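What follows draws every value from the coordinates through simple rules; no lab data is involved. All values reported here derive from a predicted model rather than from experimental measurement. Because the Cβ atoms are built from the backbone with ideal geometry, glycine has one as well, and the counts that use them run over all protein chains shown.
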Amino acid sequence: MLVLAEGQLGDLLLLTPALRALKTTFSDSRISVLILQRRGGRSPDSLHPDLVHEADPRGTAEVLTSRSAVDGVFELHRDSLRGLKNVHRVRAESGVIRWLRRQKFDTVVCTFPEDRFAVLAYLSGAKLRVGQRRQNLRWLLNLTPDIEKRERGVLEYYCDLARALGAEVDSTATEYAADSEAMDWAKECIAEQCGEGAVPVVIHPGASGDYKIWPPERFAALVDRLQELDLPVLLCGGHADRDVMQQVRSGVRHTVPVVVTEGNLQKLAGVFARSALVVSNDSGPRHLAVAAGARTLALFRRHHDREWNVYPETVRCRILRGGEDCPACPSGVCADRIPEGEQYGSHCIRMITVDHAVAAVLSMLTSS
């Protein structure tokens, strides 16, 4: 069985309950995942015609390569394909198809209603090809449950695809545990930055799109307010978050300790697991924090909770979102528009004030 998936951290973490259910139900089956990465890849000049390769465990695929529910994890970088022209593109695409056919998959599950997913499923030669009913190339599939992410949320949507195959989903919980080495590293790092025995509020201000990021000056104001209450605060992120982290640091009145995990998910999960609370945007790290067992407060755009607010709201897991109609978007829709002259934050995420965030943090920290 092959599962075709996107490579974003949040998508892969939310896919793990469905993969676990498939492996439990069909224990004799070999389950592989082919991740179609949107970004990154090798230079087209150095490409072999067959672009499918085993997943790099240092990237987002690590959340699957360390899970026993998956027998094989592979990657295809779409940027690498787009960088090829004419006969080189044809050779590369043919190599992908040859790889699929060599594996002799009997079932292919398309986790996204994208044309490429449906085409690859069909060209694989698999007898059973699964994907949602409402999509352009539905006729290339032969098991099409009537489901959509915006109706069920991404987590249940993935589980519904597994259910369509007859899998029993006993739990929709996501899990990701940092190993002892990462936990020890996080303990030492927090002690060095915040003081021995500190359990900080961790602020992760990055996200995959600028429109998803609560303005850095508001994160800075949140840091100041929490520090004024004598709460330890730690600013955390990866290489891609350096710009927004620098803006937050520049905006605080004093200083804020910083940890850069450089894309190491184990270290990031370790920091989250040793926190009092993780405050983040609606992003992959938010899902990692939930999977690591941390308390989480996520800052959402106005209507994106339909797909991505996938966890029951509890004293350990909350979201904040604006409650007013957005002046820049059609009713009931987020167009992800950033106000003119601003770098970060769509109109609707800017409806969340610093006062809202401070009140939510304090409420969560004092709730048992």
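Quick check on the chain: of the DSSP beta bridges with both residues there, what percent are antiparallel, nearest 5%?
Roughly 10 percent of the DSSP beta bridges within the chain come out antiparallel.
Dipole magnitude of the stretch 56-117 about its Cα centre, charges +1 at Lys/Arg Cβ and -1 at Asp/Glu Cβ only, in debye to the nearest 20? Please list the in-between numbers first.
Working: 12 positive and 9 negative charges, 77 e Å.
Approximately 360 debye in magnitude.
What spacing in nm lies between the two simple spin-label points modelled at Ser94 and Arg78, each 7 Å away from Cα in the Cβ direction?
2.4
If you take the charge dipole of the chain about its Cα centre, with +1 on Lys and Arg Cβ and -1 on Asp and Glu Cβ, which of Ala359, Val63, Ala178 is farthest toward its positive end?
Of Ala359, Val63, Ala178, it is Val63.
Apply the a/c threshold of 1.5 to the C-alpha gyration tensor of the chain and tell me whether it is rounded, prolate or oblate. Working shown, then result.
On the way: a/c = 1.74, a/b = 1.67, b/c = 1.04.
Prolate, since a/c reaches 1.5 and a/b exceeds b/c.
Suppose only helical runs count, i.e. DSSP H with n ≥ 4. What mean residue ellipticity at 222 nm does that imply for the chain under -39500 (n - 2.57) per run, divided by all residues and rounded to the nearest 500 deg cm²/dmol? Kindly include the intermediate steps, with their values, before the conclusion.
Numbers: 14 runs with 140 residues, N = 368.
-11000 deg cm²/dmol, from helical runs alone.
How large is the Rg to Rh ratio of the stretch 2-164 when both quantities use alpha carbon positions and Rh follows Kirkwood?
Working: Rg = 15.2 Å, Rh = 16.0 Å.
Taking Rh as the inverse mean 1/r over Cα pairs, Rg/Rh reads 0.95.
Which length gain, in nm to one decimal place, applies between Asn264 and Arg242 when the Cα-Cα distance is subtracted from 0.36 nm times their residue separation? Don't skip to the end; give the middle numbers.
Numbers: separation 22, 0.36 × 22 = 7.92 nm, distance 1.46 nm.
Between Asn264 and Arg242, full extension yields 6.5 nm more.
What order do you get for 240-253, 116-129, 166-179 when each peptide is scored by the mean count of other beta carbon atoms within 10 Å, highest first? Display every interim value, and only then the final one.
Working: 240-253: 17.2, 116-129: 19.3, 166-179: 15.7.
Peptide ranking by packing, descending: 116-129, 240-253, 166-179.
Only Cα pairs under 8 Å and at least 6 apart count here; give the relative contact order of the chain as a rounded whole percent.
Working: 742 pairs, mean separation 56.9, N = 368.
That works out to 15 percent.
Less than 14 Å from a label point 7 Å out along the Cα-to-Cβ axis of Glu228: which backbone N atoms in the stretch 275-304 qualify, by residue?
none
Nothing charged except the Cβ atoms of Lys and Arg (+1) and of Asp and Glu (-1): what's the magnitude of the dipole of the chain about its Cα centre? Round to the nearest 20 debye.
Details: 46 positive and 47 negative charges, 251 e Å.
Charge dipole of the chain: 1200 debye, to the nearest 20.
Relative contact order, percent, of the stretch 180-366 when contacts are C-alpha pairs under 8 Å separated by at least 6 residues?
Taking the mean separation of contacting Cα pairs over the length of the stretch 180-366, I get 24 percent.
What is the projected area of the convex hull of the Cα atoms of the stretch 312-368, averaged over all directions, in nm²? Before the final figure, lay out each step's value.
Numbers: hull surface 19.9 nm².
About 5.0 nm², averaged over all directions.
Once the piece of chain linking Gln343 and Leu128 is laid out straight, how much longer is it, given 0.36 nm per residue of separation minus the C-alpha distance between them? Walk me through the numbers on the way to the answer.
Working: separation 215, 0.36 × 215 = 77.40 nm, distance 4.56 nm.
That works out to 72.8 nm of additional length.
Order of Arg301, Arg82, Arg318, Arg306 from fewest to most other C-beta atoms within 10 Å? Let's see the in-between values first.
On the way: Arg301 27, Arg82 11, Arg318 19, Arg306 15.
By the 10 Å Cβ count, ascending: Arg82, Arg306, Arg318, Arg301.
Report, in cubic angstrom per residue, the convex hull volume of the C-alpha atoms of the stretch 170-324. Write down the numbers at each step before the final one.
Details: hull volume 18.8 nm³, N = 155.
Normalising the Cα hull of the stretch 170-324 by residue number yields 121 Å³.
How far apart, in nm, are the 7 Å Cα→Cβ label points at Ala328 and Thr25?
Using points 7 Å along Cα→Cβ, the separation is 4.2 nm.
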